[in-house]
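The values are calculated or read from the model by the stated rules, or taken from the named source; none is laboratory data. All values reported here derive from a predicted model rather than from experimental measurement. Neighbour counts are summed over all protein chains in view; Cβ atoms, including those assigned to glycine, are modelled from backbone coordinates with ideal geometry. These area figures cover heavy atoms from the full protein model, side chains too; ligands, DNA and RNA do not enter into them. Shrake-Rupley method; radii C 1.70, N 1.55, O 1.52, S 1.80 Å.
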Amino acid sequence: MTENPFFRPSTLVYELPPFAEIREEHYLPAFERGMAEQLAEIAEIAANPEPPTFDNTLIALERSGALLKRVGAVFDNQVSSDTTPGVDGVDAEVSPRLAAHRDAIHLDAALFARIEELYGRRAGLGLDEESLRLLERRHTAFVRAGARLGAADQRRLRELNAELAAGASAFRRNVSADSKARALVLDSAAELAGLSPDAIAGAAENARALGHDGKYVLSLKNFSNQTELAFLTDRSVRERLLAASLGRAARTNGPLAIRMSALRAERARLLGYDTHAAYVVADETAGTVEAVDALLARLVPPAVANARREAVELAGAAAADGIEEIAAHDWAYYAELVRQSSYRVDAAALRPWFELERVLRDGVFFAATLAYGVTFTERPDLTAYHPDVRVFEVFEEDGGSLGLFLGDFHARASKRGGAWMDELVTQSRLLGRRPVVMNNLNVARPAPGEPVLLSWDEVRTLFHEFGHALHGLFSDVRYPYFAGTDVPRDFVEFPSQVNEMWMVRPEVLANYAKHHVTGEPLPAELVGRMAAAEGFGQGQRTVEYLAATLLDLAWHTVPQGQEIADAEEFEARALAKAGLAVAAIPPRYRTAYFSHVFAGGYSAGYYAYIWSEVLDAETVDWFRDNGRGVRESGEVFRRELLSRGDSRDALDSFRAVVGRDPRTGPLLARRGLA
Ligand SMILES: [Zn+2]
């Protein structure tokens, strides 16, 4: 029996986790020992006979829990990107125990007394800016976690947190299981008419893998709107596919959502807030639910008006097929037809210019070199957790080493849908750690020997997720508490959205968008048409996003004690009340598969994407208009914002770059809402 590889710090470069040695059976013992070790460390801090100092309390807290962090980072990634029934089982087992562990720290009266005491005389401690902020932010976190509550309330809080953690874990598994169960099985290729030959071959391969030899299977991806809906010519197949998507997990997760929303409302009341949303937003850059509502109220009417204008255009195209009224399962299909006829843009026809390897090296990496001077070298000698995963070392302009970037780009049955960034090792000068970050995408694997050709949206996703990766890689803080992407939820999408701008910057596009066979550049005229077509469809895209956002807020502004009988009914009423009940545009996520808010960290936080986009639109304008070169602008953005993590107020970092407060004008213009 070899020793559990989590028990000791990794000896690999950048403390890359020793994936080659990690087995499923290592997780649970590592979690258990990790929690026990940290509790012992906390007990020692709390029982220290010396009076509290910044070093013996705050720094000691920063250093605690090293083993738990090691196993947690690797596990969190595996449960999302390469899970197994065994890993799912560990997740179900440890989720509530981890919640209890966090409570054991935050509700430790002796520990909090030390922090409270230091906080009370913080001005006289002679702390530098980052250390002072650490004390303030930690203090806030303890108070928000219930440190000031009485014993009975704390007991109830622990129960609520444990049940919510178990609920989130179950919610995720229900979505995953029912998405698989409801995959659409079709008997003949004829039913797939309209899809590309590659997509049809993929559906056949999918069927083989799932034991439906000779048939075709369309798997369900995250969103309500499945990508195939834009191309399937058979209306009844479209209808079945969308119905399968919209009905996911309703039976199990509908009641669970009701339960979780009630528990969150109760917890918020315990902590002194009217609603869960008020509790969450109080610690975000938005500050109040009213501020969020005010922005959303400006966006909803013009977005709905835009969507209705689009609907009229689509109706014209659908009438030719004898369709009198556009249904939700028709929208994407006719939008694609209109896009092709009005803008002469065929999204599928662009794929040959977007070969993954080229987009990655000559696009995404190239843009990072242009703006920040960093370069990338693949390290095939370093092993990740799956053969698909690529490892790159990242270097500074002067050749100094910066960190590791792992890319896991392909879809597989063991991976959840969507795209995301994770940190495997968090940067910290205190702990002498440099960052190891990773991106996950869900690009379909091509037939053997065929190149991986991306869609326009997948190219955008690659740039987006890499923006998060840069945020992690450029982190330059002392305390791990502040590192990288540990910024407010309604700020974290901002750097990633900014990074999307490189996708269409002429000098970047010209460098990567080359035909995978002929090497010819993507014709400028095609790019122009694609850009023009971007405006079309903004109405629908904004409405489906806002519908999900308002649905999230509706679930989390339910006051304590209000009974909800039926999740679907609640959903319908919430959308109608928000002015977003557009029959042909379902919310991007319906309640029962809205994992962001019931299984992830986005409860009362899905508004963050549009909130961040205000800053993003401003910053894209700043990059273009500030009179500096790209490299110099990149340096300012990196130094004043990307490197800071949460070590200073997020909006102060924004102001340090742009020179003033954010304004909504650029966002409204970009989304056609001005
Ligand atoms: Zn993102």
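Of note:
- A protection proxy built from the mean count of other Cβ atoms within 10 Å ranks the segments 267-278, 417-428, 336-347, most packed first, as 417-428, 267-278, 336-347.
- Amide H within-cut-off set for residue 443, under 5 Å, with H built and near neighbours excluded: 410, 411
- Selection among 211, 26, 241 by position relative to the dipole of the chain gives 241 as farthest towards the positive end (Cβ unit charges, Cα centre).
- Cα gyration tensor, segment 548-603 - rounded (a/c under 1.5), prolate or oblate: oblate
- Within the chain, helix-based [θ] at 222 nm, where runs of 4 or more DSSP H residues each add -39,500 (n - 2.57), nearest 500: -17000 deg cm²/dmol
- Segment 341-468 - percent relative contact order, Cα under 8 Å, separation 6 or more: 26 percent
- For segment 525-614, the solvent-accessible area with a 1.4 angstrom probe is 34 square angstrom per residue.
- Each Cα pair under 8 Å and six or more residues apart adds its sequence gap; the mean of these over the residue count of segment 228-386 is a relative contact order of 22 percent.
- Rounded to the nearest 20 debye, the dipole size of segment 471-600 about its Cα centre is 180 debye, using +1 on the Cβ of Lys and Arg and -1 on the Cβ of Asp and Glu.
- Of 69/221; 221/577; 180/221, pairs whose Cα-Cα distance is over 19 Å: 69/221; 221/577
- Against the criterion of solvent-accessible heavy-atom surface with a 1.4 angstrom probe, 557, 664, 542 sort, most first, into 557, 664, 542.
- Furthest towards positive pole of dipole, 574, 651, 668, structure part the chain, Cβ charges: 574
- Protection proxy ranking of 78-84, 92-98, by the mean of other Cβ atoms within 10 Å over each peptide's residues and highest first, is 78-84, 92-98.
- Judged by the mean number of other Cβ atoms found within 10 Å, the most tightly packed of the peptides 628-638, 432-442, 514-524, 279-289 leads the ranking 432-442, 279-289, 628-638, 514-524.
- Dipole moment magnitude, nearest 20 debye, the chain about Cα centre, only Lys, Arg, Asp, Glu C-beta charged: 660 debye
- Between residue 24 and residue 66, the distance separating the two model label sites (each 7 Å from Cα on the Cα→Cβ line) works out to 3.1 nm.
- Between segment 322-344 and segment 78-147, the alpha-carbon centres lie 50 Å apart.
- Radius of gyration over Kirkwood radius for segment 509-599, both on Cα atoms: the Rg/Rh ratio is 1.25.
- Convex hull volume per residue for segment 605-674, taking Cα atoms only, in Å³: 92 Å³
- The relative contact order of segment 1-136, computed from alpha carbon pairs under 8 Å that lie at least 6 residues apart in sequence, is 28 percent.
- Mean-position separation - Cα centroids, segment 618-667 and segment 1-63, in angstrom: 36 Å
- Overall Cα dimensions of the chain - principal axes, largest extent first, Å: 82, 61, 59
- Shape class for segment 211-310: oblate, because the ratio a/c of the largest to smallest gyration tensor axis (alpha-carbon atoms, square roots of eigenvalues) is 1.5 or more and b/c is at least a/b.
- Cα gyration tensor, segment 242-289 - rounded (a/c under 1.5), prolate or oblate: oblate
- Rounded to the nearest 20, the size of the Cβ-charge dipole of segment 194-324 about its Cα centre is 440 debye, with Lys and Arg at +1 and Asp and Glu at -1.
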